[in-house]
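First comes the structure, then the notes that go with it.
The values are calculated or read from the model by the stated rules, or taken from the named source; none is laboratory data. Keep in mind that this is a model prediction, so the values were computed, not measured. Virtual Cβ from ideal backbone geometry, glycine too; neighbours counted across all protein chains shown.
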Amino acid sequence: MAPGRIAQTALYQEVAERLRQRIFAHELLPGIRIDEQQLAVEYGISRTPLREALKVLAAEGLVTLRPRRGAFVTEISDQDLDEIFPLMAMLEGRCALEATRRASPEQIARLEALHRQLQRFAASNQIGRFFEVNQEFHLRIQEMSGNRWLRQMIQDLRKVLKLTRLFSLSIDGRLQQSLDEHVGILEAIRTGDALRAQTMMHDHILAGRQALVRGAGEEARVPS
């Protein structure tokens, strides 16, 4: 019986991961109703592991379960973003503070190497590659903090932020601005100024929200 239970657990987790990636890729758009019957047929599974997977995604905030109506991909409102970004700023700022206090020369060298990659991708306007390395830069700082609770909360919030269709780094001027902000964060960590690292990271996260607001305004002005 034990092997059967393990296999069942692995199945719904695999289904959850597949749906998670489709949501992040916007193949399943915010607000859309998830067709459970179609997915069960597509994946060749019963409805039971699919529903367990949807519960996992609902716990992460990626899916909204509505009684007698089914499961829907969560829509992120402006109010949601206004509430999430200050939390992110507070949590990532604290991570930067703790990371600075614990940073080893080897860890700082790895951050500097990532920053050099960011400079190259910014210079060639490779937004996608910049985004990937930017994520790694932030993750490294989270790991350097040594605080797994902070890291877990930040990653949960970052999953939800992936639901927004606006991409802050694609907003005019944000790529270079983000790079400049990283310079300040890195310098504070390098010099051991933990409070400045905290402030710089906090402001960096909030600047991302401000960029999204600008982007929404620009999008609204584009003729249809």
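Quick notes on this structure:
- Meets criteria (surrounded by fewer than 12 Cβ atoms within 10 Å (Cβ to Cβ) and either in a helix (DSSP H, G or I) or assigned by TED's automatic domain parsing to the domain that holds Ala207 (or both)) for Glu92: no
- Test: Glu14 is free of Cβ contacts under 8 Å to residues at least 40 places away in the same chain and under 21 Å from the mean Cα position of the chain (by Cα): yes
- In this entry, Ala113 is excluded by the filter for residues that are surrounded by 18 or more Cβ atoms within 10 Å (Cβ to Cβ) and modelled with pLDDT of 85 or more.
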